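Since the structure comes first, as structure tokens, the remarks are kept for the end.
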Amino acid sequence: MNKTPSKLKVSVDRPVALVYLLISVFFFLAVYDLYQGFILIGNPPSLASKRFVVFWIISIFPFLGWLYGLKLAANGSLPGILLSVVKRITDRTPLYVRIGLSVFLCFLTTVVFLYTPFGRYAFIYWLRLFTIFSCGVLSALLLFPRKIDFTWLLKASGMVVVATTIFVIGDWMTGVSDYPFSMTWSEGNRFWDYSIMFGMNRYINPSGQTVVPFLEAGRQFLWALPFIFPFIGIRGMRLCNVIIWVLPPLVLGWTAIFRSSTFKKEWIWQVGFGLWCFLFLSQGPIYSPLVICAIAVVIALRQKNLPLAIVLVAAASYYARISRWTWMYAPGLWAGMLSLIELQEPTFKNGRWKELIRPVILGLSGLAGAELLPYLITLISNGLIASEGSITVAVIDSFDFRQPMLWDRLFPNPTYSPGILLGFLWVGGPLLLFLIWLAVKRYWKPNWMQIAALVVIIGTFSVIGLIISVKIGGGSNLHNLDLLWLTLALLTAWVFRDWLSRGLPGLHEIKSLLAVFCLAMVFPTTSMIQYGEPYGMPSDYFADSSLEKLREEVMAASKEGEVLFMDQRQLLTFGYIKDVPLIAEYEKKLVMDQALSGNQAYFDAFYADLQKHRFSMIVSEPLRKAMADEDIRNFAEENNSWVYWVSRPLLKYYKPKVTYDEVGVQLLVPREN
């Protein structure tokens, strides 16, 4: 009797194999990023390159290891082997060593990519992301090795959040130095703006007229505070700038979630939420005055004393108005929305309409703070105190439709590669998915009234942010969606705090909910890890010699007439150049704004001053006459407006005397003919 040979059956553990393949793809992308950015460095593959040859020789061993891992993953034995290896290592390693290694891993990505020359290589994205995720997972394995199951993902996600927080703060700190020249396009002149409020004694003001910076009073005030101290220098101001950007989002997160009665058992969640809130808002980023308004609203809602809550919300709305006019209604809307969210099944029936009085009153107090309070303050002060920004008319003009709307920036473009719409989904999508999932699983139960309020507020802030983002001059990031991001952060805080008070039901039992929760935790990392590199300042020799030569040129020119600092005004602010009178007109940011608006009347006056050679010297960034290709260069439209309205007319009447390319400064003097 002939027997038909049976087919060989191979048992494959599909979930383990699938996870292994997904991690493999992630790893491959990271290696490819390393290969392109560090091995090839823009060159074609060549056996003449030692770096290329060594890379491929070394790659043989990881590839063989990957094949062996694939075999173990296919038969399902890989997780058990890895867990046993982790257990052996952690059992033999003292706790203090594991803690030290975890701290090292949390700082590793920051140090490598922000504080070593390795960070200057042009990596695509994946190597950074893989590195910080790997460091987070490894640090979690070292700290929490006892029970590694699906819920252990919470601990791994938490360590990724910690590592990313360190990375973002480390990125801010790369700009803290005593380098005298501007480190970004507008940094130096911004410092000049801030100094006007409390540091006007730093300048010689021959006109005697009040100097009005191109900045709203509310935003100016916060950054002006360091100038109360006459000894503050440029390094100190840069450090204060970091503190002002970093501290408010952290405080908001901790203030929104903090409960003293349960802090001992919930401290890890409360601290973690503060870190996550900082990362989420950093994706904008969000201007600190608006975050401070949100903090005031949170404190107001914690008050049982309704009059005190009303005062806080009104004050927050007033401060929002004098900081940026598009913010002025946000505090009242937040107060009303969050008060409504706190209610259980709000309704007009059975006399429960009285519960709605508090949300309505707090919402109206925000309206009063935005509309009535400025009028009263102006009336009482006889106009000595501004009811809005220092330059309200100019700021409102900058938002009108005389400035072009670049709708193509909604989609991938050179200025912001993902495009505003994709960035909108990237930042807000995971968080909205978590909130919706929580509602679907009935661990958050908003009724029709609460849902309607949320849809209206979130929808309105989304539309406003998208429109402002496509106005020329914007669209390089997501900061114009600031009202939306803060609304989502506050809503998440209120929903999560309630869920936490009930012991986080469902989080450890429902895998899909835990997966979405972890996704929302770590997704800010995918956005923030792409930014930052070691700051490439010129050597001290170039900086010092350029400053000394510039000082000599300016001092000589000041004896012949007025010297206009269109740019680099921080050199006057921090005393690098002394005894030169301040000419407050034609500051670079204001001139750029007028160029974007095509303000012919403004430039007629500017051209008249240029034609009659009013200034003996103009300090500027290096000027170019060439237009930029709008399909290739970032901010091409803005550059072309600057070239058309500023560079070409200025170079018609003035010529470069000397250009310090290393520090980005050009000195222009009148043309003889």
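Listed values, structure above:
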read-out	value
Highest average packing first - 228-236, 402-410, Cβ atoms within 10 Å	402-410, 228-236
Whole-number percent relative contact order across the chain, with pairs defined as alpha carbons under 8 Å at least 6 apart	15
Share antiparallel - DSSP beta bridges, the range 540-670, percent rounded to 5	70
Between helix 448-469 and the chain: long-axis angle, C-alpha atoms, 0 to 90°, nearest 10	50
Aspartates and glutamates with Cα under 20 Å of Lys511, excluding same-chain neighbours fewer than 8 positions away	Asp13, Asp149
Whole-number percent relative contact order across the range 540-670, with pairs defined as alpha carbons under 8 Å at least 6 apart	29
FRET efficiency, 1/(1 + (r/R0)^6) with R0 22 Å, evaluated for Phe38 and Ser186 via beta carbons	0.10
From the coordinates shown, Rg and Dmax of the Cα atoms in Å corresponds to which of (i) 28.9, 116; (ii) 29.3, 108; (iii) 42.3, 120	(i)
The range 540-670: radius of gyration over Cα atoms, expressed as a fraction of 2.2 N^0.38 Å	1.06
Of all DSSP beta bridges in the chain, antiparallel share, percent nearest 5	70
Calculated from backbone phi, Karplus (6.51, -1.76, 1.60) coupling profile of the range 160-177 in Hz, x at Gly/Pro	5, 4, 4, 4, 5, 4, 4, 5, 5, 5, x, 5, 4, 6, 5, x, 8, 7
Ordering of 302-314, 192-204 by burial proxy (mean other Cβ atoms within 10 Å per residue, highest first)	192-204, 302-314
DSSP-loop trypsin sites (Lys or Arg not before Pro) across the range 117-181, with at most 11 other Cβ within 10 angstrom	Arg146, Lys147
Of Lys304/Lys441; Lys265/Lys304; Lys471/Lys612; Lys549/Lys578, those spanning more than 23 Å from alpha-carbon to alpha-carbon	Lys304/Lys441; Lys265/Lys304; Lys471/Lys612
Contour minus Cα-Cα distance for Tyr541 and Ile57 (0.36 nm per residue)	170.1 nm
Backbone HN-Hα couplings from phi across the range 493-504 [Karplus 6.51/-1.76/1.60, Hz, Gly and Pro as x]	4, 5, 5, 5, 4, 5, 5, 5, 5, 9, x, 6
Stokes-Einstein D (µm²/s) once Rh is taken as the Kirkwood radius of the range 156-271 over alpha-carbon pairs, at 20 °C in 1.002 mPa s	127
Lys/Arg +1, Asp/Glu -1 at C-beta; the chain dipole; positive extreme among Phe214, Met617, Leu513	Leu513
Backbone N within the range 439-462 under 13 Å of label point (7 Å from Thr347 Cα along the Cβ vector)	447-449
Label-point gap, in nm, between Ala626 and Val103 - each point 7 angstrom along Cα→Cβ	5.1
Principal-axis tilt of helix 288-301 within the chain, Cα atoms, nearest 10 degrees	60
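Every number here is computed from the coordinates shown, using simple stated rules; none is lab data. Everything numeric in this text was worked out from a predicted model, so none of it was measured. Don't worry about glycine lacking a Cβ; one is built from the backbone with ideal geometry, like all the others, and counts go over all protein chains shown.
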